Amino acid sequence: MVVLSPLLDLADFYLSPFHVKSEKSVEVSAEDEGVRVKGQIDILVLFEQLVVVVIESKQAAFSVEVGKPQLLAYMLAVSNSDKPVYGLISNGSSFIFVKLIKQETPKYVLSRLFYIFNPGNELYTVLSVLKRLGQLARNGS
């Protein structure tokens, strides 16, 4: 949330019509060189068409792949419309966007992985995508 919260603020997600609400956290754990690593997956709902999954861990970074099943399940449950639902998974250093199209057989697509340690600091690109998703959600597209 240290990295994500300022991005959400810059993209105006703390303003109406968005409502940031935290859903139930899911605990994740893994073995890392003999050390048990624990973390949390927090789900934030910003709008009916935009869901954010944040993976937080103090000791080691979990891959964004860890949050994909939870995000997809929540995206399927959050909206009753046939409009696309958008999602973001982040572990603080990596970001991946998801678009889910609800139909008889739901389909989703993933963006490429954005990584803040790549040359050029991809946080600017993540912010641009967040702003665009905010516009889509406001317009009901």
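The values are calculated or read from the model by the stated rules, or taken from the named source; none is laboratory data. Since the model is a prediction, treat every value here as computed from it, not as a measurement. Don't worry about glycine lacking a Cβ; one is built from the backbone with ideal geometry, like all the others, and counts go over all protein chains shown.
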> Given the structure, is Pro119 surrounded by fewer than 18 Cβ atoms within 10 Å (Cβ to Cβ), farther than 18 Å from Val20 by Cα and within 13 Å of the chain's Cα centre (by Cα)?
Replying inline: no
> For the stretch 88-113, which residues satisfy the criterion of being modelled with pLDDT of 85 or more, within 12 Å of the chain's Cα centre (by Cα) and not aliphatic (A, V, I, L, M)?
Replying inline: Ser94, Phe95, Phe97, Lys99, Ser111
>> Out of Lys38, Lys24, I need the residue that is at pLDDT below 75, in a loop (DSSP other than H, G, I, E, B) and farther than 23 Å from Leu123 by Cα. Which one?
In response: Lys24
> For Ser16, all conditions in the list (1) at pLDDT 75 or above; (2) among the hydroxyl-bearing types (Ser, Thr, Tyr); (3) in contact with a Leu (Cβ under 9 Å, 6 or more places away or on another chain) hold save one; what is the number of the exception?
Replying inline: (3)
> Does the stretch 79-92 contain at least one residue that is free of Cβ contacts under 8 Å to residues at least 12 places away in the same chain and either among the polar types (S, T, N, Q) or outside any helix (DSSP H, G or I) (or both)?
Replying inline: yes
